[in-house]
2 protein chains.
Amino acid sequence: MSLTESSAIDIAKTASLASRRLATLTNTDRNDALTALHDALAENRDVILEANARDVEIATQAAESGDLSHSILKRLDLSRAGKYDDMLQGILSVRDLADPIGNVTLKTLLDDGLLLERVSCPIGVLLIIFEARPEVIANIAALAIKSGNAAILKGGKESTESFVAISKVISGAISETQVPEGSVQLVKTRDIVSSLLAQDSLIDLVIPRGSNDLVRFVKNNTRIPVLGHADGLCSAYLHLDANPDVAVKVIVDAKTDYPAACNSLETLLVHEDALNSVFPLVAKELMDKGVCLRCDVRAKAALEGISTPAGLLQDAVDSDYRTEFLDLILAVKTIPATGPAGSAVEAAMAHINLHSSKHTEVIITETKDIADTFMNGVDSAGVFWNASTRFADGMRYGFGTEVGISTNKIHTRGPVGLDGLTIYKYRLRGNGHRACDYSQGDRTWKHESLPL
Amino acid sequence: MSLTESSAIDIAKTASLASRRLATLTNTDRNDALTALHDALAENRDVILEANARDVEIATQAAESGDLSHSILKRLDLSRAGKYDDMLQGILSVRDLADPIGNVTLKTLLDDGLLLERVSCPIGVLLIIFEARPEVIANIAALAIKSGNAAILKGGKESTESFVAISKVISGAISETQVPEGSVQLVKTRDIVSSLLAQDSLIDLVIPRGSNDLVRFVKNNTRIPVLGHADGLCSAYLHLDANPDVAVKVIVDAKTDYPAACNSLETLLVHEDALNSVFPLVAKELMDKGVCLRCDVRAKAALEGISTPAGLLQDAVDSDYRTEFLDLILAVKTIPATGPAGSAVEAAMAHINLHSSKHTEVIITETKDIADTFMNGVDSAGVFWNASTRFADGMRYGFGTEVGISTNKIHTRGPVGLDGLTIYKYRLRGNGHRACDYSQGDRTWKHESLPL
């Protein structure tokens with residue numbers, strides 16, 4: 001066994017032991033630790049900002065020599081106005097959320113004196129791998145503690161100094177509380193990640209937060225369940241009866257509000273009978289905002305009459321319908337009124353189910369039945385009717401916080417709140433009850449569902 | 001691409017397409033298909049039993065020549081009294097369960113006219129791999145249709161003739177209903193399994209039903225999430241204040257009611273102060289039922305005074321505490337009142353969390369606080385107090401049916417009912433709502449939780 005491998009096992013075992021102790025703490029115990037965390041980070045602001053300034057200095061040089069993107073540099077800087085205070089406030093916001101642990105979601109009296117309960121509990125050990133933003137460590141530590149999970153954190157190399165400083169403060173603060181110190185461990189070296197990803201008997205869930213490449217790397221290199229999404233290829237289907245005002249508002253917002261986000265629009269499907277009515281209005285607004293439209297032949301032809309800024313009207317190629325542009329580019333495809341897949345809405349659904357990343361899709365129509373068909377038939381975490389895909393977000397959904405957005409088909413889907421970091425266990429309380437009495441017919445089941 | 005690989009992709013694509021259609025059907029549509037399934041299997045009883053008789057004949061020869069176990073032979077035989085009728089009745093029972101699809105579990109008014117709902121929906125495509133029992137095909141087909149999932153079924157080679165006959169009847173029956181025929185596909189050749197396990201973009205969940213070896217093989221050979229359990233290493237902790245009557249009833253039932261079951265007891269942990277009080281009573285009853293006790297030194301010494309049948313009192317070795325005996329054998333270990341792990345209950349929890357398969361564990365005590373500590377701290381799907389581990393079962397929990405028992409830490413845990421075959425999606429209904437209006441402060445969130 002290599003040194004890296006054995007230290008990965010040690011880290012995972014420490015986390016596992018801490019997780020068992022964490023699982024027995026009360027909400028007050030966990031909240032007290034979050035208060036201590038907040039206070040310690042407030043007190044140590046100067047030390048942490050100094051460490052962060054060292055990271056920023058090195059990153060600035062790397063950015064100037066072209067080895068680092070300016071957006072990473074920007075995300076790295078904790079001294080930007082409001083950023084540190086937001087981080088502190090975020091910890092208190094998580095603390096003040098409802099306790100996700102200990103909620104009874106099923107209560108059945110199996111027989112006299114034999115009571116079954118299903119109760120929410122922490123998952124156990126989380127491995128969280130993230131890139132530049134150093135404030136994420138505080139956010140994730142808060143989420144893990146609130147949900148009673150132990151966390152192993154691996155940050156990006158650009159923010160090493162910041163992470164070490166924040167991590168020291170977190171460890172110091174936690175050690176004065178009921179929460180075991182091993183609940184939050186920071187991993188510095190990159191080469192340990194593969195060994196950690198192999199600890200599927202000790203680590204229960206991996207959460208990669210960062211680029212699509214990071215998520216794909218993690219998904220391809222572990223047997224541990226991964227919560228997250230590699231792609232966000234969101235689509236809109238513009239039905240023939242779309243309200244023009246609704247269509248323009250929803251599609252323009254979905255594409256232009258923040259094109260780099262995973263919940264922004266990448267593909268627009270247009271019913272052929274909307275090509276010469278609603279579509280040109282939408283296209284004009286999009287192009288006025290600088291959006292380049294990659295259109296199939298019919299959609300392009302429909303825009304011939306209107307003046308289009310140079311270069312913003314292009315021919316689509318097949319790969320455009322599989323591309324997450326993350327930029328002011330939109331692929332446009334015409335949907336025939338009827339075809340091999342059936343009606344237009346069925347063809348739109350078939351296109352989406354084949355091409356989409358199962359993140360969020362929207363239909364623009366005035367007909368409830370058509371909208372219902374679409375929302376039932378599209379296999380995505382979010383199915384929207386006349387509303388922007390940009391609403392697919394934990395804060396906007398009212399979850400108070402967001403662990404990430406999941407495009408998985410099991411456990412948790414869409415924006416993930418604290419609930420996504422919990423599972424349940426079954427508690428059964430009896431008084432010497434034996435199963436043999438029921439199979440022999442000496443006793444019969446009551447199976448009485450009790451109010452929660 | 002090999003022929004096997006391309007046919008695996010075809011099968012998975014067919015299932016995926018069928019699943020999208022299935023997801024749009026009503027409960028009545030799905031129930032009608034189950035009624036048709038039931039009626040067709042009732043009408044074709046003779047044909048199916050003839051096919052099954054051919055399987056049984058070959059298997060009987062194999063059993064006589066020692067190439068097949070008699071228990072497999074027994075499980076294979078559909079003509080045994082009541083078995084066929086139970087299979088038929090099982091389909092109707094599943095049909096009559098509450099619809100697991102379309103349940104709204106969250107309803108939030110994000111803003112005027114902008115309504116968010118979380119609604120249960122099918123997962124998509126299930127791959128179910130099982131061994132001998134041919135009636136499982138009907139059971140699984142019923143569960144899949146009821147929950148709106150498409151299923152790809154692979155049965156054991158001993159029951160090929162039965163599967164083909166049942167499968168033909170199922171396909172015929174379904175083709176007369178709204179449920180698409182591709183919803184249930186039977187796979188006959190063994191070499192296609194590996195190729196199917198590679199279709200992680202089309203298949204959403206694998207459910208292996210059979211031996212521990214089968215489950216382990218599946219878990220080690222796919223990126224698709226696997227629902228199930230390889231092991232059931234259940235433990236009991238006998239606290240010093242255990243009620244002797246409760247202790248005897250619970251432990252004897254847990255060990256002897258059906259030793260081959262995954263929810264039967266394999267390890268008994270005894271508080272040192274119970275060694276000479278309650279433990280001998282329990283041990284005597286167990287040995288009277290033929291249970292061999294593999295004891296550590298102290299537990300064995302505690303039984304010296306009582307008469308023990310020859311061979312039933314043995315010395316434990318370390319591996320006994322990691323062994324799922326599935327037989328009339330029980331590993332016994334003494335827990336000191338205090339030790340490095342803390343109190344006795346803490347030491348018992350530490351042993352269990354290190355050795356157990358996270359299936360079901362029980363504590364025998366008269367003290368509620370001790371029981372609560374145990375039930376919070378033990379990381380298993382079932383944590384029982386003074387009740388037999390044998391209650392860990394979907395029918396006994398009142399779920400009406402059981403898909404299997406999961407020892408996973410995410411999605412679904414313990415006995416899995418129809419709910420375990422569902423996930424949810426978020427539906428958002430608006431009227432031209434844009435996200436930019438909220439970030440610019442033109443509109444503010446309502447986030448009003450509405451009654452369900």
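Observations
- Residue count for segment A:346-372, restricted to those that are in contact (Cβ under 8 Å) with a residue 24 or more places away in the chain, assigned to a helix (DSSP H, G or I), over 22 Å from B:Val125 (Cα atoms) and touching a Ser or Thr at 6+ places or on another chain (Cβ under 8 Å): 0.
- Here A:Leu126, A:Leu116, A:Leu143, A:Leu109 are screened, and the one residue that is assigned to a strand (DSSP E or B) and within 25 Å of A:Val193 (Cα to Cα) is A:Leu126.
- Residue within segment A:75-91 that is in the same structural domain as A:Glu158 (by TED's automatic domain parsing) and within 30 Å of A:Val119 (Cβ to Cβ) present: yes
- Applying the criterion of being at pLDDT 95 or above and hydrophobic (A, V, I, L, M, F, W, C) to the residues of segment A:437-452, the residue that is least open to solvent (accessible area, probe 1.4 Å) is A:Leu450.
- Any hit, segment A:395-406, residues being within 17 Å of the chain's Cα centre (by Cα), at the interface with chain B (Cβ under 8 Å from one of its Cβ atoms) and open to solvent by 30 Å² or more (accessible area, probe 1.4 Å): yes
- Options B:Ser307, B:Ser319; residue that is surrounded by fewer than 16 Cβ atoms within 10 Å (Cβ to Cβ), closer than 22 Å to A:Ser201 by Cα and more than 14 Å from every other protein chain (Cβ to nearest Cβ): B:Ser319
- Pair list, Cβ under 8 Å, 6 or more apart: segment A:393-420 residue within 21 Å of A:Leu233 (Cα to Cα), other residue open to solvent by less than 20 Å² (accessible area, probe 1.4 Å) and among the aromatic types (Phe, Trp, Tyr): A:Tyr397/A:Phe391; A:Tyr397/B:Tyr426; A:Arg413/B:Tyr426; A:Gly414/A:Tyr397; A:Gly414/B:Tyr426; A:Pro415/A:Tyr397; A:Pro415/B:Tyr426
- In the condition set (1) at pLDDT 95 or above; (2) among the acidic types (Asp, Glu); (3) in the same structural domain as B:Ala62 (by TED's automatic domain parsing), B:Glu131 is compliant with all but (1).
- Exactly one residue among A:Lys333, A:Lys289, A:Lys300 is touching a Phe, Trp or Tyr at 6+ places or on another chain (Cβ under 9 Å) and of a type in the set (D, E, K, R), and that residue is A:Lys333.
- Residue within segment B:254-270 that is among the charged types (D, E, K, R) and assigned to a strand (DSSP E or B) present: yes
- Filtered residues of segment A:220-248 (kept if over 16 Å from A:Gly414 (Cβ atoms) and touching a residue at least 60 places away in the same chain (Cβ under 8 Å)): A:Ile224, A:Pro225, A:Ala236, A:Tyr237, A:Leu238, A:His239, A:Leu240, A:Asp241, A:Ala242, A:Asn243, A:Val246, A:Ala247
- Where A:Arg54 falls short, out of the listed (1) under 27 Å from A:Val179 (Cα atoms); (2) at pLDDT 95 or above: (1)
- Exactly one residue out of B:Leu233, B:Leu268, B:Leu275 is surrounded by fewer than 24 Cβ atoms within 10 Å (Cβ to Cβ), touching a strand residue (DSSP E or B) at 6+ places or on another chain (Cβ under 9 Å), of a type in the set (A, V, I, L, M, F, W, C) and away from chain A (no Cβ under 13 Å): that is B:Leu275.
- Within segment B:407-422, considering residues that are in a strand (DSSP E or B) and surrounded by 23 or more Cβ atoms within 10 Å (Cβ to Cβ), the one farthest from the other protein chains (Cβ to nearest Cβ): B:Val416
- Residues in segment B:85-143 that are at positive phi and either open to solvent by 40 Å² or more (accessible area, probe 1.4 Å) or of a type in the set (Asp, Glu) (or both): B:Gly102, B:Gly113.
- Scanning segment A:214-228 for residues that are of a type in the set (Val, Ile, Thr) and open to solvent by 10 Å² or more (accessible area, probe 1.4 Å) turns up A:Thr222, A:Val226.
- Subset of segment A:423-451 (residues that are assigned to a loop (DSSP other than H, G, I, E, B) and out of contact with any Leu (no Cβ under 8 Å at 6 or more places or on another chain)): A:Arg434, A:Ala435, A:Gln440, A:Gly441, A:Asp442, A:Arg443, A:Thr444, A:Pro451
- For the residues B:Leu68, B:Leu17, the requirement of being touching a residue at least 24 places away in the same chain (Cβ under 8 Å), among the hydrophobic types (A, V, I, L, M, F, W, C) and open to solvent by less than 80 Å² (accessible area, probe 1.4 Å) singles out B:Leu68.
- Selection count where residues are hydrophobic (A, V, I, L, M, F, W, C) and more than 8 Å from chain B (Cβ to nearest Cβ), scope segment A:362-394: 6
- The set of residues in segment B:309-330 that are among the β-branched types (Val, Ile, Thr) and without any contact (Cβ under 8 Å) to a residue 24 or more places away in the chain contains only B:Val317.
- Qualifying residue in segment A:343-361 (condition: open to solvent by less than 40 Å² (accessible area, probe 1.4 Å), of a type in the set (Ser, Thr, Tyr) and facing chain B (nearest Cβ under 10 Å)): yes
- Among the residues of segment B:236-265, those identified as open to solvent by 10 Å² or more (accessible area, probe 1.4 Å), within 14 Å of B:Thr389 (Cβ to Cβ) and either charged (D, E, K, R) or more than 10 Å from chain A (Cβ to nearest Cβ) (or both) are B:Lys249, B:Asp257, B:Pro259, B:Ala260, B:Cys262.
- Count of residues meeting criterion [in contact with a strand residue (DSSP E or B) (Cβ under 9 Å, 6 or more places away or on another chain), within 14 Å of chain B (Cβ to nearest Cβ) and part of a loop (DSSP other than H, G, I, E, B)] in segment A:203-228: 7
- A search for C-beta distances below 6 Å between a residue of segment A:182-198 that is of a type outside the set (Phe, Trp, Tyr) and any residue that is open to solvent by 30 Å² or more (accessible area, probe 1.4 Å) and assigned to a loop (DSSP other than H, G, I, E, B), counting only pairs 6+ apart in sequence or on different chains, returns A:Leu197/A:Asn221.
- Qualifying positions in segment B:377-396 - in a loop (DSSP other than H, G, I, E, B), within 24 Å of B:Asp245 (Cα to Cα) and hydroxyl-bearing (Ser, Thr, Tyr): B:Ser388
The values are calculated or read from the model by the stated rules, or taken from the named source; none is laboratory data. Computed from a predicted model, the values in this text were never measured in an experiment. Positions of Cβ are generated from backbone atoms using ideal geometry, with glycine treated the same way; all protein chains shown enter the neighbour counts. Surface accessibility is based on the protein's heavy atoms, side chains included, excluding ligands, DNA and RNA. Shrake-Rupley method; radii C 1.70, N 1.55, O 1.52, S 1.80 Å.
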